[in-house]
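Below: one structure, written as structure tokens.
The values are calculated or read from the model by the stated rules, or taken from the named source; none is laboratory data. Just so we're clear, the structure is a prediction, and the values are computed from it rather than from any experiment. Neighbour counts are summed over all protein chains in view; Cβ atoms, including those assigned to glycine, are modelled from backbone coordinates with ideal geometry. Side chains are part of the model used for accessible areas, which takes the heavy atoms of the whole protein and leaves out ligands, DNA and RNA. Shrake-Rupley method; radii C 1.70, N 1.55, O 1.52, S 1.80 Å.
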Amino acid sequence: MDHQVSGVAKTQLPTIADGFFLSDGGIETTLIFQDGVDLPLFAAFVLLDDDEGRAKLSEYFERHITVARNHGLGFILESPTWRASRDWGAQLGRSEADIAKANSEAIYLMRTLRNRHESAVSPLLISGCVGPRGDGYVPGELMTKDEAQAYHSFQINTFADAGVDMVTAITMNNTPEALGIALAAKGVDVPVVIAFTVETDGRLPTGQDLGEAIREVDAATGGYPTYFMVNCAHPDHFEDVLRQGGDWVGRIGGVRANASRMSHAELDESEVLDDGDPVELGQDYRRLLRVLPNLRVLGGCCGTDHRHVDAMGHACAQGQTVAAE
């Protein structure tokens, strides 16, 4: 019998199940620049504080769920908890109890959305989103893997208790932190996905090669991550690295790219949203299928919204012609 996670068999998780899964786009940039919502420190979980905020979050996710339904694809509900860890919570004046409650309530909202739409979209998976302890773009002072495991266990244990199907570490810029998260998830027997971010040269912000980072995490965890992703970078920044090949490329099961070709430093300084060209980005994803044989999860990051995810689904799942190289 398949091990069950929140009522979902592990064989239904991406890269094992047939077909593609969609996910959402850049939740923070969409809420701030398009919906006019104030998110202190880019923390979307603060919207869980009241009915109006929860309604905003529901509307955001339902736009993306509708795209998945229209394409007949599965969908991953990534909880709005990228900033819902102890250090970021402290900066926002939240206690540990407040943060634990926010993480639990985020998963409850995701479950409510699944109950509402699971008859039309299947599989509909719930992922607890884990963000970096520090700045997602700048490694700063690195933790050891043991320090990272101890820090992130607080949030991951809350997700496990809430019954998530998986946890996803988004915008990881160094391997010790990614390792700690993978080990924390392994400790409570919850599937984990590690999403590394890269600079315009296709390397992690620490300078480490992407393939080396994936191999390091796999070696130290017995290959525990269900799959790896690349996020918060435009395909132009990492496609050449993928084309160099290697066994590690087959471990990448998802991409959540930026709409913009700007570097992290340029994005940090930008006061306007660069949402790129959704159709062009969809074609970029279609082209990535040639070098990522196990690519199954299609979503977005900074600057993307449901239009970009729709273009990804159309280009990849509907067999649209691959853009000329």
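Heavy-atom accessible area with a 1.4 Å probe sorts SER119, SER153, SER79, largest first, into SER119, SER153, SER79. Backbone N atoms of the stretch 77-92 closer than 17 Å to the 7 Å Cα→Cβ label point of PHE42 belong to residues 79-92.
Shown here: Kirkwood radius over Cα pairs in Å, derived from the displayed model; of the candidates [x] 19.3; [y] 20.6; [z] 20.0, it corresponds to [x]. Spatially close Lys pairs in the chain, defined by Cα atoms under 24 Å apart and a spacing of eight or more places or different chains, total 4. Residue-wise HN-Hα couplings along the stretch 69-85, as the Karplus relation 6.51 cos²θ - 1.76 cosθ + 1.60 with θ = phi - 60° gives them from phi, are 4, 5, 8, x, 10, x, 9, 10, 7, 8, 4, x, 10, 4, 9, 8, 10 Hz; Gly and Pro carry x.
For GLN244 and ASP161, the difference between the fully extended length at 0.36 nm per residue and the C-alpha to C-alpha distance is 25.8 nm. Only the Cβ atoms of Lys and Arg (+1) and of Asp and Glu (-1) were treated as charged; on that basis the dipole of the stretch 64-145 about its Cα centre amounts to roughly 240 debye. Note on the stretch 73-119 and the stretch 155-179: Cα centroid distance 12 Å, given to the nearest whole angstrom. Between ASN115, ASN103, ASN70, the Gaussian network model of the chain with springs among Cα atoms under 10 angstrom shows the greatest mean-square fluctuation at ASN115.
When the charge dipole of the stretch 216-323 is built from unit charges on Cβ atoms (+1 for Lys and Arg, -1 for Asp and Glu) and taken about the Cα centre, the candidate among GLY300, PRO225, ALA259 whose Cα reaches farthest toward its positive end is PRO225. Packing, taken as the mean count of other beta carbons within 10 Å per residue, orders the peptides 25-38, 49-62 from highest to lowest as 25-38, 49-62.
Considering only protein heavy atoms and a 1.4 Å probe, what is the carbon-and-sulfur percentage of the accessible area of the stretch 81-131? Here it works out to 46 percent. Surface composition of the stretch 189-325: carbon plus sulfur atoms contribute 43% of the solvent-accessible area (1.4 Å probe, protein chains only, all chains present). If you take every DSSP beta bridge fully contained in the stretch 148-232, what fraction is antiparallel? Give it as a percent rounded to 5. Antiparallel: roughly 10 percent of the beta bridges in the stretch 148-232. In the chain, helical runs assigned H by DSSP with n ≥ 4 each contribute -39500 (n - 2.57); averaged across all residues and rounded to the nearest 500, the mean residue ellipticity at 222 nm is -12500 deg cm²/dmol.
Each of SER95 and GLU52 was given a label point 7 Å from its Cα along the Cα-to-Cβ line. The distance between the two points is 2.6 nm.
Per-peptide packing, taken as the mean over residues of other Cβ atoms within 10 Å, places 255-263, 202-210, 162-170 in the sequence 162-170, 255-263, 202-210 from highest down. Rounded to the nearest 20, the Cβ-based charge dipole of the stretch 193-325 about its Cα centre (Lys and Arg +1, Asp and Glu -1) stands at 740 debye.
Placing unit charges on each Cβ (+1 for Lys and Arg, -1 for Asp and Glu) gives the stretch 34-119 a dipole about its Cα centre, and among GLY72, MET110, PRO40 the Cα reaching farthest toward its positive end belongs to GLY72. Considering only ALA84, ALA220, ALA100, the Gaussian network model of the chain with Cα springs below 10 Å gives its largest mean-square fluctuation to ALA220. Sequentially through the stretch 224-241, phi angles give Karplus couplings (6.51, -1.76, 1.60; θ = phi - 60°) of 5, x, 4, 6, 10, 10, 10, 9, 6, 7, 7, x, 4, 7, 9, 4, 4, 5 Hz, Gly and Pro residues having no value and appearing as x. Put LEU113, LEU142 in order of accessible area, highest first, and with a 1.4 Å probe you get LEU142, LEU113. Each Lys and Arg Cβ is given +1 and each Asp and Glu Cβ -1; about its Cα centre, the stretch 184-265 then shows a dipole of about 200 debye.
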